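Visitor: Got a structure for you, written out below as structure tokens; questions coming shortly.
The values are calculated or read from the model by the stated rules, or taken from the named source; none is laboratory data. Just so it is clear, the model here is predicted, and its values are computed rather than measured. Note that each Cβ is placed from the backbone with ideal geometry, even for glycine, and that neighbours are counted across all protein chains shown.
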Amino acid sequence: MHRLLTPADYRRMPWKNGGGHTTEIAAEPTGAGTASFVWRVSVADIAQDGPFSAFPGIDRTLVLLSGHGMRLATAGDTMELHAPYEPVAFAGEAPIECALTQGPTRDFNLMVRRDAASGMVVVVRDGGAAIAPARAYVCYAAEGVCECLFAGHPPVVLAPQHALMVAEEAHAPAAGLHVYPRSAAAVALVAVIGAPLQGRLQ
């Protein structure tokens, strides 16, 4: 199955800790709350310093879309996000304090429940990318226009800030996705959701 998503389809909601708002692009199951999603893709606006919400059992990937970046501090470690479109992954249960570098930011977020799924964010620019079969993809046109190709369907052109969700049918993985930015400045972010990873250290 696949679905073209426009900003009018997105769902704006408060953060789990009440410190801000996020705009949900897609989730599985559709409309699931923070305690029941298997995966969720969203865009968050961070306006001030403060703690991130705690999401036990969730793996998170964060990508800076706009703004001057931030510092994420947790016990014994610090992650710096200053360049747009460089994914950073971390565990949702980790206590994280966010300090903005210079004013508000906008960020792309992928969350997956690690006992049910795995996830990664692929940044696509320049010549495009071929993405291997997976349970689901959410391709988000972060900047400019991009084109998506997948088996059995005509090309799908995404306007800026629009998205395409492609998911498995009858427990058969989606057959693969090709993403092509339409200009040199265009950037697409593809959330790739797969089976849970086995045997890894937590």
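Visitor: For the list (1) in the same structural domain as residue 32 (by TED's automatic domain parsing); (2) modelled with pLDDT under 95; (3) assigned to a loop (DSSP other than H, G, I, E, B), I need the number of the one condition that residue 127 fails.
Guide: Looking at each condition in turn, residue 127 falls short on (1).
Visitor: Right, something else. Would it be correct to say that residue 60 is under 22 Å from residue 32 (Cβ atoms), of a type outside the set (Gly, Ala, Ser), touching a residue at least 12 places away in the same chain (Cβ under 8 Å) and outside the structural domain of residue 189 (by TED's automatic domain parsing)?
Guide: It is true that residue 60 is under 22 Å from residue 32 (Cβ atoms), of a type outside the set (Gly, Ala, Ser), touching a residue at least 12 places away in the same chain (Cβ under 8 Å) and outside the structural domain of residue 189 (by TED's automatic domain parsing).
Visitor: Please name all residue pairs, on different chains or six or more residues apart, with Cβ atoms under 6 Å, provided the first residue is in the stretch 142-171 and is farther than 18 Å from residue 9 by Cβ and the second residue is in a strand (DSSP E or B) and not hydrophobic (A, V, I, L, M, F, W, C).
Guide: Partner pairs satisfying both residue conditions: 147/180; 149/178; 155/147.
Visitor: Counting only residues that are assigned to a strand (DSSP E or B) and closer than 16 Å to residue 189 by Cβ, how many does the stretch 5-26 have? Spell out the reasoning first.
Guide: As a first pass, look at the stretch 5-26 and keep what is assigned to a strand (DSSP E or B): 5, 11-14, 21-26.
Narrowing the set further to residues that are closer than 16 Å to residue 189 by Cβ leaves 5, 22-26.
Of the residues in that region, 6 qualify.
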